[in-house]
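To keep things clear, I will list the structure first and then write my remarks on it.
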Amino acid sequence: MGTGEPQGHNEPTPVAAAATTARHHLLHLAILLLVSLCVLLPGINLLPLTDRDEALYVQASRQMMESHNWVDIRFQDNPRYKKPVGIYWLQGLAGLATGQGETSPLWVYRLPSLIGAILVGFFTYGLANRISGPKAGLIAGLFTVTTVELALEARIAKTDAMLCATIVACQFALLHAHLDPERRQVFWRNALFWLSLGLGILIKGPMAPLVIGLTGLGITLTERSFSLLRSLSPVRGIAAMAAVVLPWLIAIGLISGGDFFRQSLGQDVLGKIATAQESHGAPPGTYLLVALGTFWPLSVFASLAFVFAWKNRREKAVQFLFFWAVPAWIVFELTATKLPNYVLPMMPALAVLTAVALTQGGLRRDTWWFRFTYFGMAAGGLILGIGLNVALYHLQGHVSLPGVALGLVVASAGIFAWRLLLADRLVPGLAAMTVTAGLAYAMAYAVLLPQARDFWLSDRIAEAVASARTCNNPQMIVVGYAEPSIVFRLGTRTRLVDALQAAALFDQADCAVAVVADEDSAAFRTELARRGAPALESATAIGRNVNGMKLRTMRVFAKPQNAVASR
């Protein structure tokens, strides 16, 4: 160009080369989006509401829309001060966007989680592409969206999928700054970094700053320079982040009289660090073992990439991935309370490392460890395909024919993927891996779990109440069962009380339905008899408390409208 000499026919111009690259990226992203929807979407509208976290979030979001109070979030009359407001806002916006508001079905509240999981795949693609090209990007994205943990989080209305998306978006921007030899201040990159960090804080408080901060700190200490921080335009960036975070923090601080900060930071964050809350304690090292299952099928490949990381430990990109995954992982291993979702934000770093190792020929295939590790692909298919069907039969007492058929396909696909990988047929092997995971999740979330009716006691109670109610808007009363899902199923006005209080409410109400645990029914009947009120049992609901798996019987009593006046 500019020399007056004719261009060679086989050499594309820079504009043509850029257009070709853009088309490749669009194709890969389209493939990743299609795979993400096929893997993450099935069952999102069929999986019943899970206790306790998801039920607390969706009921609080529904009440936010009912009350039009988008600042002071509550579950019934109890403030929700353990977590910030971000996920409630996103779920509320999903309800408004669908036009259903507080009447939205459960799947609407799950849309932010689905979108968050898809964004995790997209930003992971961008990270791996920046390091090793679009092929590595596509592989990393596939690893990410097919992992067991993200597939679960995409289907339940909690914070973790969207939180992970904000963290990976920050890391995408931070990697671009890290690999920029001139450490320029780039507007789009810095805007993405600080706004994503602000959203992450609004979703789960200090979690995003912890992971991002440890990554940046590791790089800064290694380089002995603040050039990375300066390239992020920290003054303007912090101001933009504050504009996102501070208005609500100030408002809730004033409304709650400081209780929000005492509960969220003092009780929730510091409490989980010091003590094992809600029986979720485990010793250090637990996450490494648990990740073999929760990060499957990525975990099959990730251990093989560690040798590649050690050999290339001086590479800037490998150092970045190390400071992303390792320091935060150690922090969580040392934390008393342990839940699998805590280490989810580190999973994309492993996906990127593994994809880079695969595309750069960094995995040795002539070792016993290689052959042993790849057997995890077949083992995972067998455990998911056969094991979940066996579990359903053991707990439910019946066989799901669609589940068994899908299970056999999943097990066969896992074995087929294993054989392809052993034969060094990477692309077909990864395709078979994706099919295995996608079918396994469809089987679990769209077939087996919805059919495990005993698992979902709140749904069984709602069915019994629907058959027993004698008016359109009865007073709902529940005794001996306080899972938050029952409030979402029966309505915000549902009263969770003891047997004596329930009898008084039942007697005084114009129309009422009381759901009473079998062990409390005698006291309820006795108190009603003392009051001279009839106790007519209309239906029975039987199921398990998901927390504890205890099989329980709930008795449903219905009071006809105007029964008070007729006495």
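The values are calculated or read from the model by the stated rules, or taken from the named source; none is laboratory data. On a predicted model such as this, the values are computed, not experimentally measured, just so you know. Here Cβ is always computed from backbone atoms with ideal geometry, including for glycine, and neighbour counts include all displayed protein chains. These accessible areas exclude ligands, DNA and RNA; they are computed on the full protein's heavy atoms, side chains included. Shrake-Rupley method; radii C 1.70, N 1.55, O 1.52, S 1.80 Å.
See the values below:
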read-out	value
Cross-link table Lys338/Lys550; Lys311/Lys338; Lys158/Lys316; Lys135/Lys338, entries beyond 27 Å C-alpha to C-alpha	Lys311/Lys338; Lys158/Lys316; Lys135/Lys338
Segment Val71-Lys550, length gained on full extension (0.36 nm per residue, minus Cα span)	168.7 nm
Cα-centred dipole magnitude for region 120-183, charges only on beta-carbon of K, R (+1) and D, E (-1), debye, nearest 20	120 debye
Estimated FRET transfer efficiency when R0 is 35 angstrom, pair Thr222-Leu288 (beta carbons, to 0.05)	0.90
Directionally averaged projected area (convex hull, Cα atoms, the chain), nm²	31.3 nm²
Amide H contacts under 5 Å for Ile73, placed H, 5+ residues apart	Arg80
Positive-end residue, the chain charge dipole about Cα centroid, Cβ charges, pick of Pro474, Tyr125, Leu150	Tyr125
C-alpha center-to-center spacing [region 491-537, region 289-306] in angstrom	51 Å
Calculated [θ] (222 nm, deg cm²/dmol) that DSSP helices of n ≥ 4 give over the chain, each run adding -39,500 (n - 2.57)	-19500 deg cm²/dmol
Label point 7 Å beyond Cα of Phe261 along Cβ direction - residues of region 195-214 with amide nitrogen under 15 Å	206
Contour minus Cα-Cα distance for Leu408 and Trp369 (0.36 nm per residue)	11.3 nm
Label point distance in nm, Val326-Leu382, each placed 7 Å from Cα along Cα→Cβ	3.4 nm
The chain, relative contact order in percent, only Cα pairs under 8 angstrom and at least six apart counted	14 percent
With all protein chains modelled, accessible area of Arg230 [1.4 Å, Å²]	140 Å²
Unit charges at the beta carbon, dipole of region 373-463: most positive-side option, Leu421, Leu457, Val409	Leu421
Förster-model FRET efficiency, 41 Å R0, Ala97 and Leu505, C-beta, rounded to 0.05	0.65
Summed residue charge, Cβ within 14 Å of Leu119's Cβ, Lys/Arg positive, Asp/Glu negative	-2
Simple label model, 7 Å out from Cα along Cβ direction - Ala482 to Ile238, nm	4.3 nm
Cα centroid of region 55-94 to Cα centroid of region 218-235, whole Å	37 Å
